[in-house]
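Below: the structure, in structure tokens.
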Amino acid sequence: MVTRATSHSTDGDTRRRVTRLLLERGHATAADLAQDLGITATATRRHLDAMEAEGQVETRVVKTSGRGRPAKSYQLTPAARTNFGHTYDDLAMEALRWIRRFEGEDAIGGFAAEQVARLEARCRAAMDAVDSDDSMARAQALATAMSGEGYAATASVIASGGQICQHHCPVAGVAAEFPQLCEAETRVISRLLGVHVQRLATIANGDGVCTTHVPGTNRGLRAAGADGPVPLPDPERADR
């Protein structure tokens, strides 16, 4: 009996780690997950199969650059994402539907703008000490501030500038029906960074991660180098 309980506990720990990895990455193959977990691909697939049966993960086909058959990739289901902070979705949905029915689409846009204005104010306060001429440094500071708001955000430098990835969206269920929320949030990111940004993907639209492209300064482009994405500096480590 003790052995069985220990096995269940270990399985639960592993599946929590799988959930966290998929939240951070958006999607991953069993082989990639196995490498991070330090277990075999066969054992990883056993966990993924169980999680798929429970409705926690779903599969997608990813094309490979070679001639081999497409790889199977896994991502969290909307049901699994509700464990990371979705609250009052049903109430919010009904409220927005009421507004749209009686006040029209413009009112939805106004509501979305007012909601993200509070987020903008809190993030702007967290970015006050950052060099306003360095959009890459500001992207890192914004990602840190958004993580504090529940977005699990990261920032990285790429050859064409930089990108902010939000690995969780607290309002994804609502934003799927009311994209005005995503649009208002994108405008906030643009204002906070002082550059025109482009939203490339959203969780609300079925993507694994919300991805926003940030045009980079020359300083940021030099930091990226020729090999593509590298992490932006961590302000906390820089202070040590």
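For region 87-139, the set of residues classified as over 30 Å from residue 216 (Cα atoms) and either modelled with pLDDT under 85 or acidic (Asp, Glu) (or both) consists of 87, 88, 89, 90, 91, 94, 103, 105, 106, listed by residue number. Residues in region 174-186 that are free of Cβ contacts under 8 Å to residues at least 60 places away in the same chain and open to solvent by 10 Å² or more (accessible area, probe 1.4 Å): 176, 179, 182, 186. With respect to the conditions (1) under 21 Å from the mean Cα position of the chain (by Cα); (2) of a type in the set (Asp, Glu); (3) under 21 Å from residue 173 (Cα atoms), residue 54 falls short on a single one, namely (1). None of 60, 69, 46 is free of Cβ contacts under 8 Å to residues at least 12 places away in the same chain, outside any helix (DSSP H, G or I) and of a type in the set (D, E, K, R) except 69.
Annotation: of all residues in region 63-86 being in contact with a Lys or Arg (Cβ under 9 Å, 6 or more places away or on another chain) and open to solvent by 70 Å² or more (accessible area, probe 1.4 Å), the one that is modelled with the lowest pLDDT is 70.
Scanning region 87-112 for residues that are closer than 19 Å to residue 166 by Cβ and hydrophobic (A, V, I, L, M, F, W, C), which turns out surrounded by the most Cβ atoms within 10 Å (Cβ to Cβ)?
Applying the first criterion (closer than 19 Å to residue 166 by Cβ) to region 87-112 yields 87, 89, 92, 112.
With the extra rule that they be hydrophobic (A, V, I, L, M, F, W, C), the set shrinks to 92, 112.
Values: 92: 17, 112: 23.
That would be 112.
Taken over region 36-59, the criterion of being among the charged types (D, E, K, R) and open to solvent by 90 Å² or more (accessible area, probe 1.4 Å) is satisfied by 45, 46, 54. One residue alone among 143, 159, 152 is closer than 20 Å to residue 125 by Cα and out of contact with any strand residue (DSSP E or B) (no Cβ under 6 Å at 6 or more places or on another chain), and that residue is 152. Taking region 143-157 on its own, how many of its residues are in a strand (DSSP E or B) and either of a type in the set (Phe, Trp, Tyr) or open to solvent by 30 Å² or more (accessible area, probe 1.4 Å) (or both)? So the answer is 1. Restricting 23, 33 to residues that are modelled with pLDDT under 90 and buried (at least 18 other Cβ atoms within 10 Å of the Cβ) narrows the list to 23.
When 91, 192 are checked against the criterion of being aliphatic (A, V, I, L, M), in contact (Cβ under 8 Å) with a residue 12 or more places away in the chain and either touching a His at 6+ places or on another chain (Cβ under 7 Å) or assigned to a helix (DSSP H, G or I) (or both), 192 stands alone in meeting it. Figure legend. Inter-residue proximity from region 9-28: first residues over 12 Å from residue 81 (Cα atoms), second residues small (Gly, Ala, Ser) and part of a strand (DSSP E or B), beta-carbon distance below 6 Å, spacing 6+ or different chains. Indicated pairs: 27/73.
Taking the condition open to solvent by less than 70 Å² (accessible area, probe 1.4 Å) and not aliphatic (A, V, I, L, M), does residue 138 pass?
Taking the combined requirement at face value, the residue satisfies it.
For region 158-169, the set of residues classified as open to solvent by 30 Å² or more (accessible area, probe 1.4 Å) and within 26 Å of residue 81 (Cα to Cα) consists of 163 only.
Among the residues of region 115-135, are any under 13 Å from the mean Cα position of the chain (by Cα) and open to solvent by 20 Å² or more (accessible area, probe 1.4 Å)? No: region 115-135 contains no residue that is under 13 Å from the mean Cα position of the chain (by Cα) and open to solvent by 20 Å² or more (accessible area, probe 1.4 Å).
Of the residues 199, 124, which single one is among the charged types (D, E, K, R), touching a helix residue (DSSP H, G or I) at 6+ places or on another chain (Cβ under 8 Å) and in a strand (DSSP E or B)?
On the way: 124 fails: in a strand (DSSP E or B).
199 is the lone residue from the list that is among the charged types (D, E, K, R), touching a helix residue (DSSP H, G or I) at 6+ places or on another chain (Cβ under 8 Å) and in a strand (DSSP E or B).
The values are calculated or read from the model by the stated rules, or taken from the named source; none is laboratory data. Predicted model, so just to flag it, every value in this text is computed and none were measured. FYI the Cβ positions are ideal-geometry reconstructions off the backbone, even for glycines, and counts take in every protein chain you see. Ligands, DNA and RNA are excluded from the accessible area calculation, which covers all protein heavy atoms including side chains. Shrake-Rupley method; radii C 1.70, N 1.55, O 1.52, S 1.80 Å.
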